[in-house]
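Working notes, structure below.
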Amino acid sequence: SESAALAGAKAGARDIEVAELHARFSHEELILRDALGLGGDVRVNPSGGPLAADPVMATGLIRVGEAAGRIRSGEAGRVLAHASHGPCLQSNLVCVMEA
């Protein structure tokens, strides 16, 4: 996903500890991990992600809230949230937050 890679680069997606990805299908997580440069040490969707809960029109927004919650709880110091629109990950929002 070139658009996810570009969004991640512009958001400063590096040194991420936790990522909440709007990956509605298992293969999308693999694509996004690669596009955003998230190594095996990055915990992805500890909330369960959209595969656990996919509320219509709010799944991406929930990813941002879940990532922010990891900072608020002290569980992580730098997190990434991802929201996408479209069946092929063609529109991507990447938000990097840190304590």
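How do CYS88, CYS95 rank by accessible surface area computed with a 1.4 Å probe, from largest to smallest? Please list the in-between numbers first.
Numbers: CYS88 105, CYS95 40 Å².
From most exposed to least exposed: CYS88, CYS95.
Out of the range 1-53, which trypsin sites (Lys or Arg not before Pro) are coil in DSSP terms and have no more than 13 other C-beta atoms within 10 Å?
On the way: sites: LYS10, ARG14, ARG24, ARG33, ARG43; in loops: ARG14, ARG24.
Loop-located and lightly packed - ARG14.
Expected output is a single nm value to one decimal: the length gained when fully extending between ALA68 and PHE25, i.e. 0.36 nm times separation in residues minus the C-alpha distance. What is it?
Numbers: separation 43, 0.36 × 43 = 15.48 nm, distance 2.27 nm.
Length difference between fully extended and current span is 13.2 nm.
For n ≥ 4 DSSP H runs only, could you compute -39500 (n - 2.57) per run for the chain, divide by its residues and tell me the 222 nm figure to the nearest 500?
Values: 4 runs with 39 residues, N = 99.
Calculated from helices alone, the mean residue ellipticity at 222 nm is -11500 deg cm²/dmol.
What number in nm² do you get for the chain if you take the convex hull of its Cα atoms and divide its surface by four? Spell out each step's value before the answer.
On the way: hull surface 21.5 nm².
Hull-based average projected area comes out at 5.4 nm².
Identify which of ALA53, ALA81, ALA19 has the largest mean-square fluctuation in a Gaussian network model of the chain, with springs joining Cα atoms closer than 10 Å.
ALA53
Considering only the other residues whose Cβ falls under 14 Å of the Cβ of ASN92, what net charge follows from Lys and Arg at +1 and Asp and Glu at -1? Don't skip to the end; give the middle numbers.
Details: positive: LYS10, ARG24, ARG33, ARG63; negative: GLU2, GLU20, GLU28, GLU29, ASP34.
Residues near ASN92 contribute -1 overall.
Taking amide H positions as placed 1.01 Å from N in the peptide plane, with prolines and chain starts having none, which residues 5 or more places from ALA19, or on another chain, fall under 5 Å of its amide H?
Amide H neighbours of ALA19, under 5 Å, 5+ apart: ARG43, VAL44, ASN45, LEU80.
Can you list the HN-Hα couplings for the range 64-76, worked out from phi with the Karplus curve (6.51, -1.76, 1.60; θ = phi - 60°), rounded to whole Hz and with x for Gly and Pro?
Rounded to whole hertz, the list is 5, x, 5, 5, 4, x, 5, 6, 4, 7, x, 5, 8.
Can you say what percent of the DSSP beta bridges in the chain, counting only those with both residues inside, are antiparallel? Round to 5. Kindly include the intermediate steps, with their values, before the conclusion.
Working: 8 of 13 bridges.
Beta bridges within the chain, antiparallel portion: roughly 60 percent.
Roughly how many whole Å is it from the C-alpha centroid of the range 1-55 to that of the range 58-99?
Each part's Cα centre sits 8 Å from the other's.
Report the net charge of residues surrounding GLY12, where surrounding means a beta-carbon distance below 10 angstrom and charges are Lys +1, Arg +1, Asp -1, Glu -1.
Details: positive: LYS10, ARG14, ARG78; negative: ASP15, GLU98.
Within the 10 Å Cβ shell, the charges total +1.
The values are calculated or read from the model by the stated rules, or taken from the named source; none is laboratory data. Because the structure is a prediction, the values reported are computed rather than measured. Virtual Cβ from ideal backbone geometry, glycine too; neighbours counted across all protein chains shown. Heavy atoms of the whole protein, side chains included, go into the accessibility calculation; ligands, DNA and RNA do not. Shrake-Rupley method; radii C 1.70, N 1.55, O 1.52, S 1.80 Å.
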